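Colleague: Questions regarding the structure given below will be posed in turn.
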Amino acid sequence: MFDNLIEANKCIVCKNARCQKNCPIDTPIPQIISLYKEGKYEEAGKILFENNPLSAICAIVCPHENQCKGNCIKGIKGEPVRFHDIEYEISTKYLENIKLEKPKQNGVKVAVVGSGPAGITVALNLALRGYSVTIFEKNERIGGILTYGIPAFRLPRFNINLLEKRLKELGVKIKFNALIGPVVTLSKLFEDGYKSIFIGTGVWNPRRLDIKGETFGHVHYAIDYLRSPNRYDLGNKVVVIGAGNVAMDAARSAKYFGANEVYVAYRRGFKNMTATKHEISEAKEEGVLFKTFKAPSEIVDDGIIFEDTKLIENEDGTTSLVTVEDSKELFECDSILIAVSQSPKNTIVINNKGLDVKKGGLLLTDEAGLTTREGVYACGDVTNGAKTVIQAVVDAKNVCDSMDKYLQQFIYILK
């Protein structure tokens, strides 16, 4: 707490705060810091929660280097203010201490399919507006990517559990191990009286490398591995293919769960990696090694064959990545984790008429989040591909307004 007060005192409370302007959800950072310095923690927590119900989680997983921290004016000639640490303290205390009162019910039922960042946000917002909300979660815990995709040593489950507690206080019902699609269809939900359905099922199908040997027993997909890393025996030497945040989480998890040597292999250089600099830095600090400009060519029993790559400049000034001739070389390892993006599972689309998809199998929606089926809304990774947690929350807040507007017709009828 003392360190956070030091951080707060560093803030010069800019009138046109660049930190706030570069926050996707427009967190009123100068106001929060001022309240924190005055000891008004509950007031600050209320503002943060109402603006972003996942504030305590975003304080950990947001790419701060590109948002608040990376745009702090103090960082130009010194160290930027670590607002995310202050935010975490305030938001966690608020989640621990508040007790949400169940509002007067309007009699309208809403189904939320998936309890990731978008699903939690929609469920909380609509429940606070008096709707009777039921969450359908195919796993045994809520959280989606927060629970099954981000390692617990990076994102403690404490705050996710607190969010579940607050959801239940508002009367939200949670059906675990409830897969929507093949048996319980969208039509069945409408038949049972749900007036609108939100889909926030994320992206859980891993993309293949499409090289020979990908089905061998020592090859795993990182997004599957992260669901239960303690159940895997990867051996002593592991290679992770890819350079996004999932790749970094998989590499750090492999190290955490006992692998002596963990490598991240990527076909380009560090500046092209999609993982945040913070994630890459933490992976390095934990002993993860990097092999850049290496393209996987074939997987064999003893490891993986890489080809060297290089960038060449084209006549028009652009650059292209090419493989170096006669550069194939076996890299011996015990296990390989593939982390080259994900796409949505098509369970809902295949088993439910009226839902159109776009490139990559992502659900097609309009600007309001409405799918091509009346009353069915969606947002988050299932519509945009793998993005940040904070972007899912921003989109979910907008979708809540759209759903609320749509649902008013049923409230009027009930009256």
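The values are calculated or read from the model by the stated rules, or taken from the named source; none is laboratory data. The shown structure was predicted, so the numbers you read here are calculated from the model rather than taken from an experiment. Cβ: placed from backbone, ideal geometry, glycine included. Neighbour counts: every protein chain shown. These area figures cover heavy atoms from the full protein model, side chains too; ligands, DNA and RNA do not enter into them. Shrake-Rupley method; radii C 1.70, N 1.55, O 1.52, S 1.80 Å.
Colleague: Counting residues that are within 30 Å of GLY144 (Cβ to Cβ), which strands (runs of 3 or more DSSP E) fully inside the range 204-323 reach at least 3?
Modeller: Answer list for the range 204-323: 219-221, 237-241, 261-266.
Colleague: Continuing with this model, one more query. Take the residues in the range 324-338 that are part of a strand (DSSP E or B) and among the aliphatic types (A, V, I, L, M), then tell me which one is nearest to ARG207 (Cα to Cα).
Modeller: If we take residues in the range 324-338 being part of a strand (DSSP E or B) and among the aliphatic types (A, V, I, L, M), then ILE338 is nearest to ARG207 (Cα to Cα).
Colleague: Right, another one. Of the residues GLN31, GLN20, GLN67, only one is more than 24 Å from the chain's Cα centre (by Cα) and polar (S, T, N, Q); which?
Modeller: GLN31
Colleague: Filtering the range 369-414 down to residues that are surrounded by fewer than 24 Cβ atoms within 10 Å (Cβ to Cβ) and of a type in the set (Asp, Glu), which residue is nearest to ILE57 (Cα to Cα)?
Modeller: Per the stated criteria, the residue is ASP401.
Colleague: Please enumerate the residues belonging to the range 1-46 that are part of a helix (DSSP H, G or I) and free of Cβ contacts under 8 Å to residues at least 12 places away in the same chain.
Modeller: PHE2, ILE6, GLU43
Colleague: Quick one: is GLY287 open to solvent by less than 40 Å² (accessible area, probe 1.4 Å), closer than 22 Å to PHE153 by Cβ and over 23 Å from the mean Cα position of the chain (by Cα)?
Modeller: Yes, satisfied.
Colleague: What residue, among those in the range 225-244 that are open to solvent by 60 Å² or more (accessible area, probe 1.4 Å) and either of a type in the set (Phe, Trp, Tyr) or within 17 Å of the chain's Cα centre (by Cα) (or both), is nearest to VAL382 (Cα to Cα)?
Modeller: Checked the range 225-244; the qualifying residue nearest to VAL382 (Cα to Cα) is ARG227.
Colleague: For ILE135, all conditions in the list (1) farther than 19 Å from ILE348 by Cβ; (2) assigned to a strand (DSSP E or B) hold save one; what is the number of the exception?
Modeller: (1)
Colleague: I would also like to ask the following. What residue, of GLY119, GLY143, is buried (at least 23 other Cβ atoms within 10 Å of the Cβ) and in a loop (DSSP other than H, G, I, E, B)?
Modeller: The conditions single out GLY143.
Colleague: Among the residues of the range 91-98, is there at least one that is among the basic types (Lys, Arg), open to solvent by 20 Å² or more (accessible area, probe 1.4 Å) and over 30 Å from GLY375 (Cβ atoms)?
Modeller: Checked the range 91-98: at least one residue is among the basic types (Lys, Arg), open to solvent by 20 Å² or more (accessible area, probe 1.4 Å) and over 30 Å from GLY375 (Cβ atoms).
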